[in-house]
Structures are given as C-alpha cells and as structure tokens.
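Note sheet for the following structure.
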There are 2 protein chains.
Amino acid sequence: MPDLRPPRPGEIEIDLPETTDAELYFIGRVRTPWKTLAECPKNTAARKGIDARLEVDARFAAGLKDLELLSHVIVLYWLDQSRRDFIVQAPSHVREPRGVFALRSPVRPNPIGLAVAEVQAIEGNTALIRNIDCVDGTPLIDIKPYFSSMDSVPNAKRP
Amino acid sequence: MPDLRPPRPGEIEIDLPETTDAELYFIGRVRTPWKTLAECPKNTAARKGIDARLEVDARFAAGLKDLELLSHVIVLYWLDQSRRDFIVQAPSHVREPRGVFALRSPVRPNPIGLAVAEVQAIEGNTALIRNIDCVDGTPLIDIKPYFSSMDSVPNAKRP
C-alpha cells in the first residue's frame, strides 16, 4: 500500500479522475537485489553494474526473440507502491517544489518507471540486464529496443 | 478500431490474458500534423523538426511547472489504434520475423509509445515539442525529464 503522507510545503495534491481510460497487462516481473523500497539505490552510481533480471511470463516469452542482438533496452515497469496524486512535489534533493513532469519521481498520475538497461544475456524467458533500481518483484509492462539514433541525446540540458 | 489482419508467415499471435492488471489515466492529448495512421512519418528523418504539442488536461496541468528548464523530455502515449496480440512480428523492413520486445512496433501487449522530444516552450497547459510521430489526438499518459546521465547511450548496438 502506498504511504499516504500529507503534502509537504509547496506540494500540490489533486483529485484523481473517477474513471480510468486504459488497461495494462503485467507481462512479467523485474528481479533485483532490493527487497524493499528503502533498500533501493538512491542514485545512478549505486545501481551501476548491479545484475537484475526481467522474468517474462510464458505467454509473452516468445517476444524476447532477437533481444540478444541489442546492447541496451528501455524497460517500462509499474510502480505499484506509488501514490498518484501529487502533481507538484518537493523531493529533498531540489530546492523548490517541481512539477511532476519535470521529475523522475515514482509518484505520478501513471506510475510507470523507465530504465535504460544493458542487456547481458537471454536465457529462456529471462533477460539478464544491468542498470535498473526498482524493488524486487516490480511488475514488468514493456521492453523496447534502445535505438541511439532516436533515444540518445548526450547534450540534453537539465536543471 | 485496430485492423485485425491475419498473421504473416512466421508471426506468432497469442491469446491475451482474460483480465488486466493495472489502469491508466489519459492526462491529455498529443497534437501532431498527421490526422491518420497512414499519414504518420515512417522514419526518424521525416519527423525531425516537425512541431507538435502536448495538451495536458486542466487537472494535471500544474505538473508542467519547470518543464521549460529541460531541453528534452520522454513522452509516453497510448497507441489506442493498436492491436496487442502479435508477439513475434514480420514488419516489412526486417528480413526475419522478430520478437516484439526487439521491435518498436506499435503492436505490443501494452501499446505504449515512447518518444524523446525536444522542448520548445511551455504555454499554459501546453508543451510545444518536436520529434514525435504519432497520429493527432493520441492519448498522453506521461512526460518525464530526459537525463543524459541515465538515458543517453550514444554507442548502443542494434541489428
């Protein structure tokens, strides 16, 4: 269950719509060394080189064919422990509250996590990967090939 | 409605699960110059420099705060005209059928589209962007800041 903390100063909480608009299938699970949210790495350096796995359900496993031809994939997963109703947030690492769409916070209207992961190997219905920081057992929703021509922007500016 | 064509040679069609696992809110719409799927650009070059807009619903618009500090964002959208049941596919540009997770095909178990887009400006509830190739009116599901430290892999290998 998400932690229903009160908003911090400057944060904005919204009423979510009464109905939803589309539905997802969980296609498998992300396996990582971190059993609780508290254990998950807090920065990019801490997850570098740590082995993880994408375990794809039997029904969807044929979709992994040819994944070994790629050095990197984009992994989408469902942050099922996240609340969805803070639209402006004040995480401890920023000085002023920021809009959720300018943050990689797990708290967002649609709590989809995204990681650009290194592919190590494919073994049956499992992709061995590196560079993901979610909790063990996180539901997997998609894997996409990473194409540097479309996805790589080395000089992107950020605050 | 999705086009329910029969599988091509080598393609694999699956039975989708009877129940879904999570639900999405549409947070707005993507506005592009392309009114039908047939008009959408077929390659990266054709969408380069073409202006598009992310129109965020009033309820979620405060989440755009600070987006102007970013040069690029990752846009997630819902490919609502896509079927979801081809797990191995034979698109015309590849020689052998490929697994869906090694393809950027819109046909996938969870038809989430992803584009790394340039931010031009924010005007009220609208983000003016470039570099997206979906049909006009496509439902928007998330906007994330692009962080080159995590998201940029200039030398990623692909087939």
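Among the listed pairs A:Lys35/A:Lys144; A:Lys144/B:Lys157; B:Lys48/B:Lys157; A:Lys65/B:Lys157, give every one whose C-alpha distance is greater than 18 Å. Exceeds cut-off: A:Lys35/A:Lys144; B:Lys48/B:Lys157. Using only side-chain charges placed at the Cβ, +1 for Lys and Arg and -1 for Asp and Glu, the dipole size of chain A relative to its Cα centre rounds to 620 debye. Take the convex hull of the alpha carbons in chain A; its mean projected area over all directions comes to 10.9 nm².
Ellipsoid semi-axes for the protein assembly as shown, based on the Cα gyration tensor and the rule √(5λ), read 28, 24, 20 Å when sorted largest first.
Measuring from a point 7 Å past the Cα of B:Asp21 along Cα-to-C-beta, which residues in segment A:1-32 have an amide N at less than 12 Å? Under cut-off, by backbone N: A:24-31.
How about segment A:1-72: which GluC sites (Glu not before Pro) there lie in a loop by DSSP and see at most 13 other Cβ atoms within 10 Å?
Details: sites: A:Glu11, A:Glu13, A:Glu18, A:Glu23, A:Glu39, A:Glu55, A:Glu68; in loops: A:Glu11, A:Glu18.
Qualifying residues, ordered by number: A:Glu18.
Size descriptors for segment A:92-159: radius of gyration and Dmax over Cα atoms are 15.0, 47 Å. In this label model, B:Glu55 and A:Glu39 are separated by 4.7 nm, measuring between points 7 Å along each Cα→Cβ vector. Taking segment B:74-93 and a reference point 7 angstrom along Cα→Cβ of B:Ala46, the backbone N atoms nearer than 15 Å belong to B:92-93. When exposed loop sites are taken as trypsin sites (Lys or Arg not before Pro) in a DSSP loop with at most 15 other Cβ atoms within 10 Å, the longest stretch of chain A clear of them is A:96-156. The calculated 222 nm mean residue ellipticity attributable to helices in the protein assembly as shown amounts to -500 deg cm²/dmol, summing -39500 (n - 2.57) over DSSP H runs of n ≥ 4 and dividing by all residues.
A short reminder: the numbers here are calculations on the coordinates, not readings from a lab. Treat the numbers as computed from the prediction; the structure is a model and nothing was measured. Note that we place each Cβ from the backbone using ideal geometry, even for glycine, and neighbour counts take in every protein chain shown.
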